[in-house]
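Take a look at the structure below.
The values are calculated or read from the model by the stated rules, or taken from the named source; none is laboratory data. For clarity, every value in this text was computed on a predicted model and none was experimentally measured. Neighbour counts are summed over all protein chains in view; Cβ atoms, including those assigned to glycine, are modelled from backbone coordinates with ideal geometry. Each accessible area value is taken on the protein alone, full model and side chains, heavy atoms only, with ligands, DNA and RNA left out. Shrake-Rupley method; radii C 1.70, N 1.55, O 1.52, S 1.80 Å.
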Amino acid sequence: MAQQQNSLPAKLINGGIAGIVGVTCVFPIDLAKTRLQNQRPGQQVYKSMMDCLVKTVRSEGFFGMYRGAAVNLTLVTPEKAIKLAANDFFRQHLSKNGKGLTVFKEMLAGCGAGMCQVIVTTPMEMLKIQLQDAGRLAAQHQKPIMMSTTKLVATNTVLSRSFNSCTVSSAPRAVSATQIAKELLHKHGIQGLYRGLGATLIRDVPFSIVYFPLFANLNRLGKPSPGETSPFYWAFMSGCVAGSTAAVAVNPCDVVKTRLQSLNKGSSEETYSGVVDCVSKIMRKEGPSAFLKGAGCRALVIAPLFGIAQVMYFAGVGEYILDNTPLNLLSV
């Protein structure tokens with residue numbers, strides 16, 4: 001691999017391909033994370049990540065593990081592209097005369113990238129969570145009926161209640177991300193898709209502040225000399241380590257975001273009016289350990305996702321595509 005100044009179209013292609021490949025590989029673990037984070041004490045349907053995946057396959061089939069993947073695959077390309085390109089943009093503008101950045105400036109660049117990506121991340125997560133959590137709600141609704149003999153369908157009467165109502169759906173029906181988006185837009189306008197924006201910001205901004213400087217410094221250790229780049233396997237490992245570290249560090253924020261963006265609730269599951277209300281209720285009713293729910297799953301999701309992203313980004317896949325297809329007009 002040769003280090004080069006990537007054009008913006010190349011950055012977008014690299015980020016998009018990396019996002020699609022990474023999400024396809026790790027989405028089942030992300031589904032388990034969402035369902036584990038939404039469980040309340042005394043209402044556990046799943047005991048662990050593996051138990052969640054096994055029960056999901058038994059009750060919903062293999063593709064049940066990919067519930068909500070379509071919306072993620074559709075929006076992960078702009079989301080990853082914005083994140084990686086924005087960080088690179090801020091790093092270039094914060095550097096002076098080509099000199100290396102201080103850790104503080106690297107953190108500022110990461111902060112800027114995190115703030116930019118929520119434009120896409122918030123509605124993507126909003127729709128994905130409704131679809132991912134539908135199986136858990138259906139399983140909870142069917143207890144104590146045996147789950148292995150029935151194909152679960154999404155229990156999503158998303159907007160049959162207001163955001164802060166405690167009404168629980170009693171009649172499951174199949175639903176798609178498009179239907180959810182249309183109902184949200186019709187009833188609440190664009191702000192319906194951006195429910196949980198504050199929680200997404202307090203998750204993604206600290207994540208980027210931790211991830212990008214950590215990755216840059218770990219990756220720098222693998223360079224044979226200052227003028228060369230690290231080998232692809234080192235970029236992959238650096239992305240994995242930095243991603244999993246940042247993911248666990250901000251997991252409490254991810255739990256809060258997941259709870260706030262879950263429109264449907266199971267029986268006796270409380271609703272939240274905002275970030276502060278959510279944090280206080282979780283702390284009071286479930287204790288500090290609740291903020292670490294799904295931390296292992298999240299680390300397993302983020303590690304390969306960002307490892308793959310960095311390999312694609314630094315291998316110059318986007319440059320190759322632009323140089324060998326009619327898309328090269330975009331780089332002019």
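Structure data summary
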read-out	value
Every residue from the stretch 178-194 that is open to solvent by less than 40 Å² (accessible area, probe 1.4 Å) and within 18 Å of Ile119 (Cβ to Cβ)	Ala181, Leu184, Gly189, Gly192, Leu193
Criterion: in a loop (DSSP other than H, G, I, E, B), β-branched (Val, Ile, Thr), at pLDDT below 50 and more than 28 Å from Ala86 (Cα to Cα) - qualifying residue of Val175, Val158	Val158
Enumerated helices (runs of 4 or more DSSP H) restricted to the stretch 224-332, each holding at least 3 residues that are open to solvent by 20 Å² or more (accessible area, probe 1.4 Å) and free of Cβ contacts under 8 Å to residues at least 24 places away in the same chain	275-286, 317-324
Members of the stretch 33-92 found to be among the hydroxyl-bearing types (Ser, Thr, Tyr), open to solvent by less than 50 Å² (accessible area, probe 1.4 Å) and within 27 Å of Lys285 (Cβ to Cβ), listed by number	Thr34, Tyr46, Thr56
Criterion (at pLDDT below 90 and of a type in the set (A, V, I, L, M, F, W, C)) met by exactly one of Phe306, Phe291	Phe306
Of residues in the stretch 251-284 being of a type in the set (D, E, K, R) and modelled with pLDDT of 90 or more, the one nearest to Asn14 (Cα to Cα)	Asp254
Residue ID - most open to solvent (accessible area, probe 1.4 Å), chosen from residues in the stretch 93-116 that are out of contact with any Pro (no Cβ under 9 Å at 6 or more places or on another chain) and closer than 28 Å to Ala70 by Cα	Met115
Residue list for the stretch 249-276, restricted to those being within 19 Å of Gln39 (Cβ to Cβ), of a type in the set (A, V, I, L, M) and within 13 Å of the chain's Cα centre (by Cα)	Val255
